[in-house]
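Participant: Quick one: structure below, then a few questions.
A short reminder: the numbers here are calculations on the coordinates, not readings from a lab. Not measured: the values here are computed from a predicted model. Note that we place each Cβ from the backbone using ideal geometry, even for glycine, and neighbour counts take in every protein chain shown.
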């Protein structure tokens, strides 16, 4: 399958046939949902509620890695953690049609979660503690681990070799990226984290119906617990510290938290910046990406990346006092 046009054969007929193999006849109504990495559609059925079908990007994850994501989601659901697990058909959750791996999910509506009160933050803390209590009962064997090497050094090496960085920005980027990652290595030290995490726990992946629930475990990884916390906070330094304290009040009602992990927050922020640029570079041959991210290959973008990484060097040196 062509990595540059991985979805060229994913026609409406292919989508409908894949769904009907498992769910019965569809009405023909298909609605594309927002997703750059995979392809996700709501499909209306002649009988029963609509379903969500997710087609995994070819050549990204292998079957074992995807199956481990599904196992984690089902395990969380079995412990009544509010997530949206895949539907199970004949003891399977992952299927293949026309070389595409796909999964069916129930449709679950909700509104974006908004933090309005301190109790909202405590509620988030309790939700994440419950997730991590389940995450701690086993370890991933196939999913990646979040480390300075996997999210930092490997991505920087890829970017340096990709040719995507404008020529007059390459030296500046490499210099500051290497400095940031050397600092990150020093902060991270020899610590190893095997906790199973959501991995991409930003506000967009938390919805509310009757209660908050988590969606999209596509990026679940092993790593430090604080990875599922820091992206939920926003504001100036004083606000961040107050929000962290309040969220951890809820978290520690149900699970201990290693306060030493707070030193990783600015490191994790830097790793996310680098990982994001490398993700765009890896997908640049997919025509969807230049269309939706036209700024990426321009000098202004890379100037901003260098500036942001320099700011992260200062933040790592003088982290927020949580």
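Participant: Counting other C-beta atoms within 10 Å, which of 193, 276 has the fewest, and how do the rest follow?
Facilitator: So the residues, fewest neighbours to most, are 276, 193.
Participant: Further question on the same structure: Could you tell me what a quarter of the Cα convex hull surface of segment 1-90 works out to, in nm² with one decimal place?
Facilitator: Seen from a random direction, the Cα hull of segment 1-90 projects 6.8 nm² on average.
Participant: Right, something else. Could you quote the convex hull projected area for the chain, Cα atoms only and averaged over all directions, in nm²?
Facilitator: That works out to 17.0 nm².
Participant: Cα extents of segment 147-200 along the three principal axes, largest first, in whole Å?
Facilitator: For segment 147-200, the Cα spread along each principal axis is 40, 23, 15 Å.
Participant: Mean residue ellipticity at 222 nm from the helices of the chain, using -39,500 (n - 2.57) per DSSP H segment of n ≥ 4 over the full residue count, to the nearest 500 deg cm²/dmol? Write down the numbers at each step before the final one.
Facilitator: Values: 9 runs with 131 residues, N = 322.
Helix-only estimate at 222 nm: -13000 deg cm²/dmol.
Participant: Looking at segment 23-176 from every direction and averaging, what is the projected area of its Cα convex hull in nm²?
Facilitator: Details: hull surface 55.4 nm².
Value for segment 23-176: 13.8 nm².
Participant: Which of 90, 185 has the fewest other C-beta atoms within 10 Å, and how do the rest follow up to the most?
Facilitator: Sorted ascending by nearby Cβ count, the order is 90, 185.
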